[in-house]
1. Sort through VAL100, VAL10, VAL45 and tell me the only one that's crowded, with 19+ Cβ neighbours inside 10 Å, touching a strand residue (DSSP E or B) at 6+ places or on another chain (Cβ under 8 Å) and outside the structural domain of HIS259 (by TED's automatic domain parsing).
2. Please verify whether PRO401 is part of a loop (DSSP other than H, G, I, E, B), without any contact (Cβ under 8 Å) to a residue 60 or more places away in the chain and touching an Asp or Glu at 6+ places or on another chain (Cβ under 8 Å), treating the condition exactly as stated.
3. Suppose we keep only residues that are acidic (Asp, Glu) and free of Cβ contacts under 8 Å to residues at least 60 places away in the same chain within the range 291-327. Which one would you say is farthest from THR400 (Cα to Cα)?
4. Looking only at helices (runs of 4 or more DSSP H) that fall completely inside the range 319-379, which ones have 1 or more residues that are modelled with pLDDT under 95 and not assigned by TED's automatic domain parsing to the domain that holds THR414?
5. Just for the range 187-226: of the residues that are free of Cβ contacts under 8 Å to residues at least 60 places away in the same chain and among the hydrophobic types (A, V, I, L, M, F, W, C), which one is surrounded by the fewest Cβ atoms within 10 Å (Cβ to Cβ)?
6. Which members of the range 294-318 meet the condition of being basic (Lys, Arg) and either under 19 Å from the mean Cα position of the chain (by Cα) or in a loop (DSSP other than H, G, I, E, B) (or both)?
7. Check every one of the helices (runs of 4 or more DSSP H) wholly within the range 161-249 and list those with 2 or more residues that are out of contact with any Ser or Thr (no Cβ under 7 Å at 6 or more places or on another chain).
Amino acid sequence: MAILIKGGRVLDPATKTDEITDILLNEEGTIEKLGKKLKSEKAEVVNAEGCFVMPGFVDLHEHLRDPGQEYKEDILTGAYAAERGGYTTILAMANTIPPVDNPDVVSYVLHKAEECSIHVLTAGTVTKGMKGGRLSDIEGMKAAGISCISEDGKTVMNADLYRRAMKTAAKLDLPIMSHCEDHNLAFGGVMNEDERAKELGLPGISNSTEDVITIRDLMLARDTGVRLHLCHVSTRDAVWLIQTAKEWGVHVTAEATPHHFTLTSEDVDPENASFKMNPPLRTAADREAVREGLKSGVIDCIATDHAPHSFEDKNESFIEAPFGVIGSETAAAITYTELVLGGYLTPLEMAEKMSYNPAKILGLDAGELAPGKPADICIFDPKKTYRINKELLRSKSRNTPFHGREVKGDVVCTICGGKIVYQRGKNL
């Protein structure tokens, strides 16, 4: 059925459009036209007055735990949670059990993704079994449908092996997404290495843990010409290094997460492992650098690093509990509250960081609002104020550090392929 979105503030980063207008979506799942006072007798009308109408969000970083740990999340529930957050495309990381390291597992993920209401893509691993010993069948996985390669959750510590992976990825025109963490420096750490860690008596993870591998991977990318994407940037020096590399002409993009541009190590509650993530929450100076990196464009996009864990797993001590927090349902509200209302981004730049830029990093025909483009849309209410309640989330897991936090802005409606897949207050 055709859909007519009426009276919304249309934000299209591709054309720098920021105006109140209507959008007509056709039955084929594409955008028919934009214009003032559009009419259609056959279309379902969606009232978007007072709301932002943005391209559907694209998340480059989700852990869907499927196959192998479906009790934490699975492909269907992960997509169900993401559409509540305004996402119409999500990229699943490859650190499943077994890892996505061969065409058969790729086919499993993409076949199951066909049941979802939004687009679910997958990464493939860099090394077989994520063991860092030999390369995965990257060419075979590309033929099976991967969108990139990534060892996220780990770093390939063998620089020569990673360089060969980069050469293969460059030949196949695949991005490589890097988790920058020197395992030797990080060993045993559970939070940022600073005065707060000393106060709590918890072992720390230094900034150099991230910065050393950031330097290495930028140098390897310069040598190989690969499209390098740096995941979950959290340190001020990493931001500076990325800026410098871009000035050198390195093909590098980067992402930041809502928890890293919102929280600091001072927020860590040692009794609540929902504040334990990797990289850890850093200092206020690091947080400010990440915010400024997003503002300046050095950091290209916002990703969630949605990493669900069960209550039992996260109910362990802070030292024993696994790293990771969920984020797909809260990212838009946190971004609007912290970055738009905080003066770092305009609403149009929010759409750019959450839809247009991540789509272009993967080479997707998405993130735009123009005739003929896919009808993937997020309608966002910037006026609604509320407290995040983890018990109301759609994810199987509840490990959010934002429970009880007051935010402004809420997703009203998510449309994917011209179909309403989420609408606030309705069970679809």
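1. VAL10
2. So PRO401 does not fit the description; no.
3. In the first step, residues of the range 291-327 are kept if they are acidic (Asp, Glu); the result is 292, 300, 305, 312-313, 316, 320.
Applying the additional criterion that residues be free of Cβ contacts under 8 Å to residues at least 60 places away in the same chain yields 292, 312, 316, 320.
Details: GLU292: 24, GLU312: 14, GLU316: 15, GLU320: 18 Å.
Looking at the filtered set, the residue picked out is GLU292.
4. The helices (runs of 4 or more DSSP H) meeting that bar number zero.
5. PHE187
6. LYS295
7. 195-200, 207-224, 236-248
Let's see how each residue does on (1) in contact with a Lys or Arg (Cβ under 8 Å, 6 or more places away or on another chain); (2) surrounded by 24 or more Cβ atoms within 10 Å (Cβ to Cβ):
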position	(1), (2)
HIS306	no, yes
GLU312	no, no
GLU329	yes, yes
THR337	yes, no
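The values are calculated or read from the model by the stated rules, or taken from the named source; none is laboratory data. Predicted model only: the values in this text are computed from it and were never measured. Note that each Cβ is placed from the backbone with ideal geometry, even for glycine, and that neighbours are counted across all protein chains shown.
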